[in-house]
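A short write-up of the structure that comes next.
The values are calculated or read from the model by the stated rules, or taken from the named source; none is laboratory data. Quantities reported herein were computed from a predicted structural model and do not represent experimental measurements. In this analysis, Cβ positions are derived from the backbone assuming ideal geometry, glycine residues included, and neighbour counts consider all displayed protein chains.
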Amino acid sequence: MHAFPLCRKLTADDAASVARVEKACFSLPWTEPQIASAFTQKAYGAFGLFSENLLGYISVYHVVPEMEILNLAVLPAYRRKGYGRFLLMTCLQASQKMGIHTVWLEVRERNVAARALYDSVGFVVSGVRAKYYSDTGEDACILVFSMT
Ligand SMILES: CC(C)(COP(=O)(O)OP(=O)(O)OC[C@H]1O[C@@H](n2cnc3c(N)ncnc32)[C@H](O)[C@@H]1OP(=O)(O)O)[C@@H](O)C(=O)NCCC(=O)NCCS
C-alpha cells in the first residue's frame, strides 16, 4: 500500500516544480516567471502534494472574505486517486479558518473532470464568459461556493 502524499504550503522555491505540473496539465500553462511573480503577492497562496516530486497543486488569490481558485492540477499519472479532491478540500478548510465566505473560480465549459469535482463539493454556476479561452474558443463557466 502506498502512503498518501505529503501536503504542504508552496513557496517561491517551488516555482519550477509548479511550472512542470502546469506544463503537463494545461494547454495554456503558467510559466515559471509568472508563478515566481505570483508568489511575491501577498494575496497569492498555494498548496502542493508531493511523493518524490510535486504531483499536484492548487493556487488561489485571497482577499478576505473572498477567494479565487486560480488553478488546480494533478499530473495525469496520479489522477483518480482522490488527490484533486484532497487539495480542494484542504484549501477550502484553510480558507474557512481565515474568514473566507465566498470562493470563485473559472472552469472550461467542457472540462468534465473538474466540473464533476466542483459540482460534488457544492460549487454552482454563477455565470458564463463567452468564448473566454483563446486556444479553443471555449466558454468559461464562473462557479461560486458559499461557506456555511
Ligand atoms: C480536475 C483534476 C484536478 C482532478 O484531479 P483528480 O486527482 O483526478 O481528482 P480526484 O481523483 O480527487 O476525483 C475527484 C472527483 O472528480 C471527478 N472526476 C475526476 N476525474 C474525472 C473524470 N475523468 N471524469 C469524470 N469525473 C471525474 C469525480 O467526481 C471524482 O470523484 P469520484 O472519484 O468520487 O468519482 C485533474 O483531472 C486535472 O488535473 N485536470 C487537468 C487540469 C484541470 O483541468 N484543472 C481544473 C482547472 S479549473
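Would you please name the residue that is surrounded by the most Cβ atoms within 10 Å (Cβ to Cβ), looking only at residues in the stretch 1-57 that are closer than 25 Å to residue 108 by Cα and among the polar types (S, T, N, Q)?
Going through the qualifying residues, I end up with 17.
Looking only at the stretch 115-132, filter to residues that are assigned to a loop (DSSP other than H, G, I, E, B) and not hydrophobic (A, V, I, L, M, F, W, C); which one of those is nearest to residue 67 (Cα to Cα)? Walk me through how you get there before you give the answer.
Filtering the stretch 115-132 down to residues assigned to a loop (DSSP other than H, G, I, E, B) leaves 122-123, 130-132.
Subset that is not hydrophobic (A, V, I, L, M, F, W, C): 122, 131-132.
Values: 122: 16, 131: 24, 132: 20 Å.
Ranking the qualifying residues of the stretch 115-132, first place goes to 122.
How do the pairs read when you match residues in the stretch 116-130 that are surrounded by 10 or more Cβ atoms within 10 Å (Cβ to Cβ) with residues anywhere that are part of a helix (DSSP H, G or I), using Cβ under 6 Å and keeping only pairs 6 or more apart or on different chains?
Correct list of pairs: 117/84.
Would you mind stating whether residue 18 is under 13 Å from the mean Cα position of the chain (by Cα), within 16 Å of the ligand (Cβ to nearest atom), over 21 Å from residue 118 (Cα atoms) and of a type in the set (A, V, I, L, M)?
Working: under 13 Å from the mean Cα position of the chain (by Cα): yes; within 16 Å of the ligand (Cβ to nearest atom): yes; over 21 Å from residue 118 (Cα atoms): yes; of a type in the set (A, V, I, L, M): yes.
Yes; evaluated as a whole, the condition is true for this residue.
Out of all the residues in the stretch 12-26, is one or more farther than 22 Å from residue 76 by Cβ, modelled with pLDDT of 95 or more and not in a strand (DSSP E or B)?
Here is the first cut: in the stretch 12-26, the ones farther than 22 Å from residue 76 by Cβ are 12-13.
Applying the additional criterion that residues be modelled with pLDDT of 95 or more yields 12-13.
Then keep just the ones that are not in a strand (DSSP E or B); that gives 12-13.
Yes - at least one qualifying residue is present in the stretch 12-26.
Taking interchain pairs and intrachain pairs at least six residues apart, which have beta carbon atoms under 6 angstrom, with the first residue in the stretch 61-84 and closer than 20 Å to residue 115 by Cβ and the second within 6 Å of the ligand (Cβ to nearest atom) and of a type in the set (Phe, Trp, Tyr)?
That search, which allows pairs on different chains as well, returns 74/83.
Out of all the residues in the stretch 97-138, which are among the polar types (S, T, N, Q) and at pLDDT 95 or above? Reasoning before the result, please.
Of the residues in the stretch 97-138, the ones among the polar types (S, T, N, Q) are 102, 111, 120, 126, 134, 136.
Selection gives 102, 111, 120, 126.
Pairs only if they're at least six apart or on different chains, beta carbon under 7 angstrom, first in the stretch 133-148 and loosely packed, with under 10 Cβ neighbours inside 10 Å, second in a loop (DSSP other than H, G, I, E, B) and of a type in the set (Gly, Ala, Ser); list them, first residue then second.
Within 7 Å, the pairs are 135/27.
Name the residues in the stretch 77-114 that are more than 8 Å from the ligand (Cβ to nearest atom), part of a helix (DSSP H, G or I) and either in contact with a strand residue (DSSP E or B) (Cβ under 7 Å, 6 or more places away or on another chain) or of a type outside the set (Lys, Arg) (or both), would you? Spell out how you get there, then give the answer.
Initially, the stretch 77-114 is screened for residues more than 8 Å from the ligand (Cβ to nearest atom), giving 77, 89-104, 109-110.
Next cut, part of a helix (DSSP H, G or I) only: 77, 89-97.
Those that are more than 8 Å from the ligand (Cβ to nearest atom), part of a helix (DSSP H, G or I) and either in contact with a strand residue (DSSP E or B) (Cβ under 7 Å, 6 or more places away or on another chain) or of a type outside the set (Lys, Arg) (or both): 77, 89, 90, 91, 92, 93, 94, 95, 96.
So residue 59 fits all but one of (1) hydroxyl-bearing (Ser, Thr, Tyr); (2) more than 13 Å from the ligand (Cβ to nearest atom); (3) touching a helix residue (DSSP H, G or I) at 6+ places or on another chain (Cβ under 9 Å); what number is the exception?
(2)
Which numbered condition in (1) touching a Leu at 6+ places or on another chain (Cβ under 7 Å); (2) under 22 Å from residue 25 (Cβ atoms) is the only one that residue 124 fails?
It fails just one condition, (2).
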